[in-house]
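> Take this structure first; my questions come after.
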Amino acid sequence: MNYFFANLIAHASVCIVLIVLMVIFTNRNFKRKTKHVLAYFFPVVLLLFIGFDVSRYLAPRMFDIYNVLNSVTYTHTGKVQEVSGFHNYFVVDGEKYFINPTRGDLEVGQTVRVKYTPSSHYAISVSRNDEDPE
């Protein structure tokens, strides 16, 4: 659970920094202090990065704060299809679940039971399932 909140704070911090940079570059554009033509597009590029980060990571995690604090989870059992190189997410039956990378290693083909939050698909717990669901 600490990883969930640390990740939430990290993405919120990134968004705040990007918003501050966007405001700075926008003010420079309004004051006509921008020296290079491509610098006029920095606010638009930053806005795209902010939109991606908020829609993909920050908003779903903010929706799940209540669920994490009150242990509201969904459960899914299936076979691991993919594990990321940094071990921060894995795929079970086509669904991507985010996990603390310091936890135990998962292997492709392993049958697992995942308890996860509904919006961000953060895996609260992952346990081996000895029974084959098929």
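Every number here is computed from the coordinates shown, using simple stated rules; none is lab data. On a predicted model such as this, the values are computed, not experimentally measured, just so you know. Cβ placement follows ideal geometry from the backbone for every residue including glycine, while neighbour counts extend to all protein chains displayed.
> Of the numbered conditions (1) assigned to a helix (DSSP H, G or I); (2) in contact with a helix residue (DSSP H, G or I) (Cβ under 9 Å, 6 or more places away or on another chain); (3) of a type in the set (Val, Ile, Thr), residue 16 satisfies every one except a single condition; which is it?
(2)
> Given the conditions (1) farther than 30 Å from residue 26 by Cα; (2) touching a Leu at 6+ places or on another chain (Cβ under 9 Å), and given that residue 62 satisfies all but one, which numbered condition is not satisfied?
Condition not satisfied by residue 62: (1).
> Next question. In the set 71, 55, 84, which member is closer than 18 Å to residue 6 by Cβ and loosely packed, with under 15 Cβ neighbours inside 10 Å?
84
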